[in-house]
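See below for the structure under consideration.
The values are calculated or read from the model by the stated rules, or taken from the named source; none is laboratory data. Bear in mind that the values here come from a model prediction, so they are computed numbers and not experimental data. Here the Cβ positions follow ideal geometry from the backbone for every residue, glycine too, while neighbour counts run over all protein chains shown.
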Amino acid sequence: MTDVLDPPIVPPIVPPMVLAPIEPAHEEQHGPTGILKWITSTDHKVIGMSYTVTATIMMVIGGAFAEIIRAQLTTPNGTLVSFAQYNELFTMHGSVMIYLFAGPFAFAALANIIVPIQIGAPDMAFPRLNALSYWLYLTGSITMLSGFFVAGGAANFGWVAYAPLSNSTNTPGAGADLWIGALLLTGFSAIFTGVNICATVFYLRAPGMTMFRMPIFTWNLLVTAILILLAFPVLTAGLIMLYCDRHFGTHIFSVAGGGVPVLWQHIFWFWGHPEVYILALPFFGMVTEIIAVFSRKPVFGYKGMIFATLSIGALSLGVWAHHMFTTGVVLLPFFSIMSLLIAVPTGIKMFNWIGTMWRGEIWFSTAMLMAVGFLVTFLIGGLTGIYLASPPLDFFTHDTYFVVAHFHSIVMALVLGGMAGLYYWGPKMTGYLLNETIGKIQFWFLFIGTQVFTLPMYLLGLRGMPRRVAVYPLHTSWQYLNEVSTVGAVLIGISTIAFVVNVAYSWKKYPAGDNPWDGQTLEWFTTSPPPHHNFYRLPQIRSERPTWDYNHPGHTAAEHGHHHEPHDAEQLT
Amino acid sequence: MRVEARVLLSLGLFFGLMVTVYWFWGHENAGSVMMFAGMLLCFVPGGYYYWWSRRMKPRPEDNPKATQAQGAGVVGAFPSTSIWPFTMGMGAFLVVLALVFGIWFLIPGLGLVAWALFGGTSEGRRGGSR
Amino acid sequence: MEPPALTPRGVSQRTPRWRRVRRIAALPIAALALAGCTVPTFGAVPGATTSSKSVYHLWQGFSIGAVLIGVLVLLLILWSVIFHRRKSANIPKQSQYHIPLEMTYTIVPILIVFGLFVATLVVENKEVANPTTNVTINVNAFQWGWKFTYPDKNVVVVGQTTQDPVMVMPVDTNVHINLTSSDVIHGFYVHAFNFSRYALPGVLNQFTLFAVNTGTYNGQCTQLCGLYHSLMFFRVEVVPMTQYNAWLSSKANAAVAQAAENATKQQTSSVVPTKPYKSQGGY
């Protein structure tokens, strides 16, 4: 129960050598409290907490939709929901999970809190813009979910809203418009966050924190932010076109007026595929940090890792049409080789993670367990992704459950990574640790549940079950696999309950201290939770692990086979 | 500043290469335009940073041997609280609702946005609301 | 166990020792040959067309690679997880870079990727080739059913949702399919052909099927197309050429009789005219 209170050896923090450059004058400010604090705060930590809580609630809502979907599919002729309701449910499941949970959780929740602290900044570069991002995100979430309460129900054209199914003839009603409006709001929210992260990373780093000393998490968030700026405006433009088609009589996506339905797919996936990496890269960053800290080693191949991230970002703009192989109107070889090439930097990351654990002293806290669970689940999802980059194999599996299984392996890996992040940085955000025993129970339910949930879906896809169907024929062997998958979904549901129970049970129970995990990066140098402008003092920054260097002089990172002499004088100035 | 510029410029260069290949191979308009725009979106800020990086001394955060004392001074004005983001968010919410429920939502929506623009700007001129 | 083929009794004139050596040498070769014949399916099926079989072999190739790499990586993860657990409070060696190793796991994946790409290209080119043929079927998808038109034969098969319209096609012949959609995007997917293609409004999608096995195969719309997407079934019946021709003429005669009866009655689904599409051009 209390093996969480089994911290690694952390030497006592010696008195500060250098004061932080920022005046700690209004630390003890008596700002507004309660709801007014929530509404008016521009502190990146408060906004980040708001994001974290909202996104986690969205995950629970989207997960509840998923459980209903799985319950419906347990029997071939499920009657739990009608066809119309089923279409709404999977549309909103996808939309909530992608737009309202995974994205904001990835690039705005933990990132908002951690990125400025990791580079020694007092706040985000544009605190008020940051707050606006959150309000657009929250109102966007409300807008999307309120689709269930209007006549005609929520949007029901799938989370990709393919034209011409999404036009006003095929899906009339306010639900679809609310969906578009919600994406406009959350889209701008994302763009503003992207601007903010870029500016923060470029302009607010602490002295000595050169670009190639930034933690991998911050690097990944920088690339994510650049991708947001490249991709999200395209989606917003596409949504405006879609809205014009629906209400102003334009014919951008309708054949009847001379438009091109495939254009929507080009626009959507030009956003949609970078979006996949926008979702994934922050979680890669979280896992990188966690693996390094709990193996008590530096990130193996730190620079290779950064170049891998940059290559993923670079390639991500040239792979969108692998979602459109079966349209028959895209350049197959180009998108095939681009998509296959993504496997290379991803593979580099995988080997770097293993290299980081290799010969480490791995401490299996819940965060580290979740991170290893991420590795295994991501391995499965990554390898099955390579098939889909090959057009013939994509013709064969496109829009079947194989694809569903593939990206659920990936996103469930991201959920594992996100949970790792919450267990790892939660103490920094709140000042209190979560219970480790409940955490480990949660991990095993989540990890086993994920595999039981996704693996049958691969087989279902190979046996020809299309996605987005509410019923399926009796004469096939699909029912058994669907039942197994539903069991997995239930296990994942139990893990979510375990998480909620853990938060309630551990509420202000286990004080964390400033550096419970023997962390390596700057956020572990300040207090938990950090003061208003993050730092009372900063250490000298001479590597990408300033806190580690400070706490363990004489254990700086070494090239393979060499061991640098510690530069004590330089360490402590 | 130099590394920042290089990151953006090399991304832009890669996109330029990619769009060239794509355009001459595929002759597809939409994707080429979007990739080309992506290239510009990297070149414009990247070029700006590059231009500046050649005209300024390395900042303390660009200097691997910088001490914390070198960063002393005012980093910037960081307002601790502000009501205007919330006001503007609610205004944007109403504007979007106007897309769905009727044009009359625009009146309070745009009103709130304008109010927040005015309030936020004058707050910024004063250097934050603290 | 003596494999009889390798040591036929009373035939060999060689010494026992040579026979034993030969047997030992033959074993791994035999094992490989055996494995070559029974490469696991990895969950897929060879299917009923020529291209479905090449897709199946490509699938097997990808799967072998995926399993090998997957097992290797999994073993590495498990090894470090099991053997590098925390045993002491010591700080391990802070190794960070190993350039030769990093180069290896950058270059080897690139080579693998190019190998996969070449294999993909070979299969893809076979699959998208459009050889000339005199059997053509126009497939039109609509909400929520399928219409199969046999041009110049005066035969139309149409059916909605659970009526399961049947597309009859001849075996051992290239069958040219012109795929269109009347309203939204649909997916023409026949599991046994390991193939799917969107039916796009405004676009004429063309492909060729060469069935090698007769039989009836299930097809279904795979792209979400609205309320009854789940029920948009059809069947494909692959029959010998003679049977196909017989079926065509009987259907045509019936159609003539039908047309005489209700000359004014029109098919309900409105077909949007499609413009020919150059497959790698712009719009």
Matching residues in the stretch A:317-331 (part of a helix (DSSP H, G or I) and within 10 Å of chain B (Cβ to nearest Cβ)) number 4
For the stretch A:203-216, pairs from a residue that is under 17 Å from A:PRO122 (Cβ atoms) to a residue that is hydroxyl-bearing (Ser, Thr, Tyr), with Cβ under 8 Å and 6 or more apart or across chains, are A:PRO207/B:THR67; A:GLY208/B:THR67
| Among the residues of the stretch C:127-139, is there at least one that is closer than 26 Å to A:MET465 by Cβ, hydroxyl-bearing (Ser, Thr, Tyr) and in a strand (DSSP E or B)? | no
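Within the group C:VAL166, C:VAL157, C:VAL171, C:VAL212, which residue is more than 20 Å from A:SER390 (Cβ to Cβ) and either over 21 Å from the mean Cα position of the chain (by Cα) or of a type in the set (Ser, Thr, Tyr) (or both)? Break it down stepwise before answering.
Numbers: C:VAL166 fails: either over 21 Å from the mean Cα position of the chain (by Cα) or of a type in the set (Ser, Thr, Tyr) (or both); C:VAL171 fails: either over 21 Å from the mean Cα position of the chain (by Cα) or of a type in the set (Ser, Thr, Tyr) (or both); C:VAL212 fails: either over 21 Å from the mean Cα position of the chain (by Cα) or of a type in the set (Ser, Thr, Tyr) (or both).
Result of the check over C:VAL166, C:VAL157, C:VAL171, C:VAL212: C:VAL157.
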* Tell me, yes or no, whether the stretch C:170-189 has at least one residue that is within 9 Å of chain A (Cβ to nearest Cβ), closer than 16 Å to C:GLU127 by Cα, without any contact (Cβ under 8 Å) to a residue 40 or more places away in the chain and touching a helix residue (DSSP H, G or I) at 6+ places or on another chain (Cβ under 7 Å). => no
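Assess whether A:LEU474 counts as being under 17 Å from the mean Cα position of the chain (by Cα) and touching a residue at least 60 places away in the same chain (Cβ under 8 Å).
No: the conditions fail for A:LEU474.
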Looking across the stretch A:249-304 at residues that are of a type in the set (Ser, Thr, Tyr) and part of a loop (DSSP other than H, G, I, E, B), the single one that is farthest from C:GLN96 (Cα to Cα) is A:THR250
When B:GLY124 is run through (1) modelled with pLDDT of 90 or more; (2) part of a helix (DSSP H, G or I), the failure sits at (1)
Scanning the stretch A:254-289 for residues that are more than 19 Å from A:ILE240 (Cβ to Cβ), touching a residue at least 40 places away in the same chain (Cβ under 8 Å) and within 14 Å of chain C (Cβ to nearest Cβ) gives A:VAL255, A:VAL287, A:THR288
Subset of the stretch A:227-251, residues crowded, with 24+ Cβ neighbours inside 10 Å, farther than 16 Å from A:LEU183 by Cα and among the β-branched types (Val, Ile, Thr), comes to none
In the stretch A:497-551, anything touching a Phe, Trp or Tyr at 6+ places or on another chain (Cβ under 7 Å), closer than 15 Å to A:TYR423 by Cβ and assigned to a helix (DSSP H, G or I) is listed as A:ALA498
Practice item. Tell me, yes or no, whether the stretch A:545-564 has at least one residue that is of a type in the set (D, E, K, R) and modelled with pLDDT under 90. Key: yes
Residue count, the stretch B:87-112, condition touching a Ser or Thr at 6+ places or on another chain (Cβ under 8 Å) and in contact (Cβ under 8 Å) with a residue 24 or more places away in the chain, comes to 1
Those helices (runs of 4 or more DSSP H) completely within the stretch A:351-467 that have 2 or more residues that are in contact with a Pro (Cβ under 8 Å, 6 or more places away or on another chain) and more than 9 Å from every other protein chain (Cβ to nearest Cβ) are A:401-430
Among helices (runs of 4 or more DSSP H) entirely inside the stretch B:1-120, those with 3 or more residues being at pLDDT below 95 and closer than 24 Å to A:LEU178 by Cβ are B:84-101
Given the conditions (1) among the β-branched types (Val, Ile, Thr); (2) more than 20 Å from C:VAL166 (Cβ to Cβ); (3) modelled with pLDDT under 90, every one holds for C:THR268 apart from (2)
Is it the case that some residue within the stretch C:145-160 is within 14 Å of chain A (Cβ to nearest Cβ) and either of a type outside the set (Gly, Ala, Ser) or not in a strand (DSSP E or B) (or both)?
no
